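Structure first, then comments.
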Amino acid sequence: MVGNIEIMLRRWRRAISRSALLSRLLRLPVSEGPATRPGLVMIQVDGLSRTQFERALDSGELPFLRRLMQREHYRLHSHYSGLPSTTPAVQGELFYGVKAVVPAFSFRDHQTGHVVRMYDAETAARVEGRLASAAERAGLGEPLLKDGSAYADNYHGGADETHFCAASIGWGPALRAANPFVLLAFLIANLYSFFRVGVLVLLELGLAVADFFRGLRGGQDFIKELKFVPTRAGISILLREFCVIGGKIDISRGLPVIHMNFLGYDEQSHRRGPGSLFAHWTLKGIDDAVARLWRAASRSELRHYEVWIYSDHGQVDTQPYASLTGYPLENAVEAAFQKLGREGLKVASVDGSGIQTQRIRLLGGHKTQKLFARQQAAIDRAEEQAAEHPAVAALGPVGHIYFPRQLSRADRAFVARELVAQHQVPAALAAREPGVVRVFTAEGEYQLPQDREKLLGASHPFLDAAGEDLVALCEHADAGDLVLLGWRAGVRPITFAEENGAHAGAHPDETRGFALLPGDAPLADEAGRAAGQPGFLRPGDLRTAALRELGRADQRVRSIPRRAPAAAGTLRVMTYNVHSCVGMDGKLDPERIARVIARARPDVVALQELDVGRQRTGSMDQAQLIAHHLEMEFHFHPAMHLEEERYGDAVLTHLPMRLVKAGALPGLDDKPRLEPRGALWVAVEAHGQEVQVINTHLGLLRRERLAQVETLLGDQWLGDARCRPPVVFCGDLNAVPTSRVCRRLGEHFEDAQVVARAHRPRSTYASRAPGLRIDHVYVTPGTEVRAVEVPDSELARVASDHLPLVVELVVTPPDGR
């Protein structure tokens, strides 16, 4: 009854959904198919290191993400970005499986001879073409975002629909081509959202103006500070909210994979530093955006969506090179060439100003692009000069120096030594031979990868992987003749651009992002591994897991947390009425039930209301399917058996188990049409001790339940001589603790929820608003109940009309040890 009400409410909610209405008005295609199909929403928080993420959690700036960890079984992983630690490199590996497709955000393209920047549409499209070709040659399969959508990304990633991406500015073609009436409907349908956006923009503009004067007092450039006022509101608010609106529309249409990139934190961090108040202010808005997308995904009628949140890389507090030395990097390179005897050389630079104010281009429109026309002309002139003179591409803490002609190894070493000894460059790298890179520092010279500890420090979290990636970076076809690093172990990080926060290099905070994933995400293993080391993921690992989640690579292998009972000394027993695996959303999904169980890590599972071979639930064997997903053995007892259709209870475990008894329970002679009931008794071996487990589902009428419990207390069941302690009696008793049924059981056994220390008994029915305690676990007196849990994640609340009950018992070996 409760489930039917919720299903009806969900249908009404969808019927009046703004997102669904807009998708129909825009005539956007809907992905048709079974409602249990997997779907994935990937949210990238650009530039947020794990260090700053954990700081934001502790300070309360990410309340929803904290809730995901506390209630929704999300687990936090370190995400190693690879090198360079930039979005184009990370998304290339994530979307296509190709590592380090670019050597930096800005570099000289060896095919065109021009110094390019990855926010340029033509450059992004050209690099993505190379990615697709390299992935095809390597047999890496289809792009990750195939048939999906992409928002504010560097690449399309194979998506059918792209919005605010580097190669497709502004909204996608469907909205741009919509007639004025549709656009008016779009505005009306999202009137609250646009009003909300307007308020947030005004608030952000007010903060930006205050920050503008703060920047002027700190000696910042007037024009650059002025430009940052509108771009800050545009990226931190407008772009984020447009992505959320579009993402919710795509969820309502059932697109298989949706990827979006929230840029606000990274934008603010470049300007003020990753630990600044203004950068962390944006995290509150991002947290709220994630919450809205997560709720939309959890209510989807067309797919079973998972929501993954991760950061591509981190940022580190830096000091601009020019403020440290009093002159830009180009002057240092010129001075080094003059000492080399190359008088008259003028070093060209096309960067230095940083990425700030550039991302506003993603919002699109010809007027927006005209803002950059004059700057682009200056860049083109610098590139023409670069053909005859040395060029520097340094958009962050990694700089690439391109010589006008090939210098001898000795001349190259001379320039490198001058930069590190006389001009305060922390390190200069030059490829020496395949697989070997020469490293120049003020303290001495060494080689990579063998001397990686000297460069990166022994405590670097990704020491081996970063050492190898630095070698690959220097050997990249588009890398400079010299690669300059703004950081090495023991020195304060610097950046060659005008910014206070930076990324691209190998600093731990630059390379250590985070990945917040459901605990059963199909990773390679529970720890997450990359480059043969435990404890972190890299973009390729996320790609493989995402393909598995979508059913496009191997099997959808779930990472099932499995305790070792022998080591823990306890036994976790779950009782769970699964409602024939039909959830509160009307979806039939045994795998969802298995996931609820897996997340609770039980050793023994007592299930009620299972269908086997019943036409109403697709003739599937639900007991076998759930056991298969959990890698457990099981015994099933059909309380009802009509021809090939069966309905009843089961016990599952990964421990040694033997069946003792299975049988029917009495009904009422004057009520022959009542649903038949039964019980199942198994013996489970744990710690050398045999534990008797009896699972049952009692009737709906009081007289019926009393008759059934009296039978269970008789000498054929609980009174049997073989039913020696410890005994666990559990199931859906359809009786509250004050009932005669529970009082009768209490004469012989103890209610686990009552005797557990520091635990307040919790209800399990109905799952959406638990108000009745009718699922019970009783134990023999003297059994220690260490813990009791009632999982109430969103998944558990929707998977069945009951919540599971988990009891952790201390099991003592027969000899008392």
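Observations, loosely collected:
- Here His635 sits with roughly 50 square angstrom of accessible surface, probe radius 1.4 Å.
- The label point for Gln716 and the one for Gln424, both projected 7 Å from the Cα toward the Cβ, are 9.0 nm apart.
- Radius, Kirkwood style, for segment 676-812 when every pair of distinct Cα atoms is counted (Å): 15.4
- Given charges at Cβ of Lys, Arg, Asp, Glu: segment 569-681 dipole, positive-most of Leu642, Ala664, Ser619: Ala664
- What separates the Cα centres of segment 476-511 and segment 709-754 is a distance of 67 Å.
- Couplings 3J(HN,Hα) of segment 778-786, computed from phi: 10, 10, 5, x, x, 6, 7, 9, 7 Hz, in residue order, whole Hz [Karplus 6.51 cos²θ - 1.76 cosθ + 1.60, θ = phi - 60°; x for Gly and Pro].
- Extension gain, Glu675 to Asp464: 0.36 nm times the residue separation minus the Cα-Cα distance gives 69.6 nm.
- Model label sites at Ala477 and Ala125, defined 7 Å from Cα along the beta-carbon direction, differ in position by 2.0 nm.
- Directionally averaged shadow of segment 403-470, computed from the convex hull of its alpha-carbon atoms, nm²: 5.0
- With R₀ set to 22 Å, the beta-carbon distance separating Met620 from Arg658 gives a calculated FRET efficiency near 0.25.
- In this structure, the pairs whose alpha-carbon distance is over 27 Å, taken from Lys146/Lys248; Lys248/Lys284; Lys99/Lys284; Lys587/Lys671; Lys587/Lys661, are Lys99/Lys284; Lys587/Lys671; Lys587/Lys661.
- Theoretical FRET efficiency, 1/(1+(r/R0)^6), r = Cβ-Cβ of Arg762 and Glu443, R0 60 Å, to 0.05: 0.45
- Length gained when the stretch His748-Ala769 is fully extended (0.36 nm per residue, less Cα-Cα span): 4.4 nm
- Extension reserve of the Arg66-Thr738 stretch, reckoned as 0.36 nm per residue once the Cα distance is removed: 238.2 nm
- Of the trypsin sites (Lys or Arg not before Pro) in segment 657-717, the ones in a loop by DSSP (not H, G, I, E or B) with at most 14 other beta carbons within 10 Å are Arg673.
- Legend: calculated FRET efficiency, Glu453 to Thr325, from the Cβ-Cβ distance at R0 = 35 Å, rounded to 0.05, equals 0.80.
- Label positions at Leu340 and His641, each projected 7 Å from the Cα along the C-beta direction, are separated by 8.7 nm.
The values are calculated or read from the model by the stated rules, or taken from the named source; none is laboratory data. Small disclaimer: the values here were computed from a predicted structure and weren't measured. Backbone-built Cβ (ideal geometry, glycine too); neighbour counts: all protein chains shown. Side chains are part of the model used for accessible areas, which takes the heavy atoms of the whole protein and leaves out ligands, DNA and RNA. Shrake-Rupley method; radii C 1.70, N 1.55, O 1.52, S 1.80 Å.
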